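Undergrad: Here it is, the structure, as structure tokens.
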Amino acid sequence: MVSLVADAAIQSGLSPIVAVLPPVSEAYTQALGDSVSHVVQNEPLGTGHAALQARDSLKSVDTILILNGDVPLIRPETIQALVTKHTDTKSTLTLLTSTKTLPDGLGRIVRSEDGTVKAIVEERVADRVALDISEINSGIYCCRAEWLWASLPKLEKSSTGEIFLTDLVALAVDEKLPVRSMQVEDGSEVLGINTRIELARAEGLLRHRIREKWMLNGVSMPHPESVYIDSKAQIGIDTIIQPNTHIRGATSIGEGCEIGPNSIVSNSSIGQGCKITSSVIEQATLEDAVIVGPFSHMRPGAHLESEVHIGNYGEVKNSRIGRGTKSGHFSYIGDADVGANVNIGAGAITCNYDGDNKNRTIIEDGVFIGSDSMLVAPLHIGANARTGVGSIVTKDVPEGASAIGAPARIITNGQKQPQKEVD
């Protein structure tokens, strides 16, 4: 939630941005990254007290925008519009309000007869008249900085010892200073998160917003309600996202792909014209025209060059697979460098772990790996070599040679060759 709010602030063009965090804040700082500075509120003494902690970091600015970390659906365009209205009207304080948000638990905006903002009444102390007001306070404020820093210390503490930003409205009205407001057009932008139910509701709204954006940009989704796309993902035009598919993290997908159904693509780079069916792709790179699945798993460090085909029940980990290589069925390729146009038969495995270390297998261009071959690393198989069905290959295979048997013997030009020990 915090990173979504920060992203909205960054995209709106605001700077500098300061996050007010609790004393134990490692998770927050990791989520925010380096683009947002932060200060610490050592005691939870209310929103007004929290804002005051940022004063020393914002001495050089004339206008302060205050956002809440638990209101994650705010849009950059709305932030820009609020700041523009505040500066154009030369207001001291400008509130973002809504009449399109469920008022449960939220403060109500009380207005004078002339329509100007008079006060904010919190629901827990509101009378029947105030409870009938449909306009709510979003908790997002734009303030003249000099007035804000001078006014926060003036606010009285509540019965719990806290200082609340909502009291700024009454203070500004008492001082006969201009208080303005702007109503948000989409009520979901100011939904606050206090329960897991509200969290799920906000996530659903955000995912709907993300799906609509990509469909308007030319991405097809036959059943959009079953598709989950994270906010940082990028998807090319004319790509189809089939049902029950998750696009997670900073994944990028090129044009003309078909992803799914029943697939997970996480923090990966997918080229153009790829097809992924009922498979998991995580921290992997697929170049153009790659086919994966069904029921395959591309694990971290997998790099599949263009026109590679990994069929059903294949697994690739920390390996580079060369252009045009095919592994149609039931294979494991781990810690390997595989050349171009290699055929990997059903049941072939790179035996990369010896109990202590992960060892690498090198397979050069044009190699034919027979079904059920066990390639015991460290191992080097030369270009255009072959392994026989069920072979257990423990020694290097020269270019153009064949490895047959268990353990495999090396045959060159039809003649068995002595095997050399590998250091």
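Undergrad: Using Cβ counts within 10 Å as a stand-in for footprinting exposure, how do 176, 326 rank, fewest first? Could you put the intermediate results ahead of the total?
TA: Numbers: 176 8, 326 16.
Ordered from fewest to most neighbouring Cβ atoms within 10 Å, 176, 326 come out as 176, 326.
Undergrad: Once you list every other residue whose beta carbon is under 14 Å from the beta carbon of residue 97, what net charge do they have if Lys and Arg are +1 and Asp and Glu are -1? Walk me through the numbers before you get to the answer.
TA: Details: positive: 85, 100, 108, 111, 118, 180; negative: 135, 185, 186, 189.
Overall, the nearby charge balance is +2.
Undergrad: Please state the relative contact order of the chain as a whole percent: Cα pairs under 8 Å, 6+ residues apart?
TA: Values: 1071 pairs, mean separation 29.1, N = 423.
Answer for the chain is 7 percent.
Undergrad: Gain in length, residue 212 to residue 413, computed as 0.36 nm per residue apart minus the alpha-carbon separation, to one decimal in nm? Mind dumping the intermediate values first?
TA: Details: separation 201, 0.36 × 201 = 72.36 nm, distance 6.17 nm.
Net length gain for the segment: 66.2 nm.
Undergrad: Here is a further query. R0 = 22 Å: FRET efficiency of residue 406 with residue 299, Cβ-based, nearest 0.05?
TA: Numbers: r = 28 Å, r/R0 = 1.26.
Rounded to the nearest 0.05, the efficiency is 0.20.
Undergrad: Pull out the extension gain between residue 203 and residue 10, defined as 0.36 nm times the separation in residues minus the alpha carbon to alpha carbon distance; nm, one decimal.
TA: Numbers: separation 193, 0.36 × 193 = 69.48 nm, distance 2.07 nm.
My answer for the length gained is 67.4 nm.
Undergrad: Build a GNM of the chain with springs between Cα atoms under 10 Å: which of 43, 255, 123 gets the top mean-square fluctuation?
TA: Fluctuation is largest for 43.
Undergrad: Full-extension gain between residue 134 and residue 70, please, as 0.36 nm times their residue separation minus the C-alpha to C-alpha distance.
TA: Numbers: separation 64, 0.36 × 64 = 23.04 nm, distance 2.12 nm.
So the extension gain works out to 20.9 nm.
Undergrad: Let me ask another. Go ahead and run the numbers for FRET between residue 126 and residue 223, Cβ-Cβ distance against an R0 of 45 Å, rounding to 0.05.
TA: On the way: r = 43 Å, r/R0 = 0.96.
With a Förster radius of 45 Å, E is 0.55.
Undergrad: A follow-up question, please. Just one of (i) 173; (ii) 193; (iii) 152 is volume of the Cα convex hull per residue in Å³ as worked out from the coordinates here. Which one is it?
TA: Read-out taken from this structure: (i).
Undergrad: Please give the FRET efficiency for residue 146 paired with residue 1, using the beta carbon to beta carbon distance and R0 = 22 Å, rounded to the nearest 0.05.
TA: On the way: r = 31 Å, r/R0 = 1.39.
Rounded to the nearest 0.05, the efficiency is 0.10.
Undergrad: Mind jotting down the three principal axis lengths of segment 86-160 based on Cα atoms? Whole angstrom, largest first.
TA: Here the spans come out as 36, 34, 22 Å, largest first.
Undergrad: Using every alpha carbon pair in segment 10-65, what percent of pairs falls into each 5 Å bin from 0 up to the bin containing the largest distance?
TA: Histogram of Cα-Cα distances, whole percents per bin: 4, 18, 28, 25, 19, 6, 0.
Undergrad: Which log10 I(q)/I(0) values, to two decimals, does segment 258-377 give at q = 0.10, 0.12 Å⁻¹ under the Debye formula with one point per Cα?
TA: Listed by q, the Debye log ratios stand at -0.25, -0.36.
Undergrad: May I pose another question? After finding the eigenvalues of the alpha carbon gyration tensor for segment 2-190, what semi-axes result from the square roots of 5 times each, listed largest first in whole Å? If you can, show how the numbers build up before the last one.
TA: Details: eigenvalues 123, 69, 62 Å².
Result for segment 2-190: semi-axes of 25, 19, 18 Å.
Undergrad: First obtain the Kirkwood hydrodynamic radius of segment 207-417 from its Cα pairs, then insert it into the Stokes-Einstein equation at 25 °C and 0.890 mPa s, and state the resulting D in µm² per second as a whole number.
TA: Details: Rh = 17.6 Å.
In µm²/s, the coefficient is 140.
Values in this text are rule-based calculations from the coordinates and carry no lab data. Just so we're clear, the structure is a prediction, and the values are computed from it rather than from any experiment. When we count neighbours, we look across all protein chains shown, and the Cβ atoms used for this are built from the backbone with ideal geometry, even at glycine.
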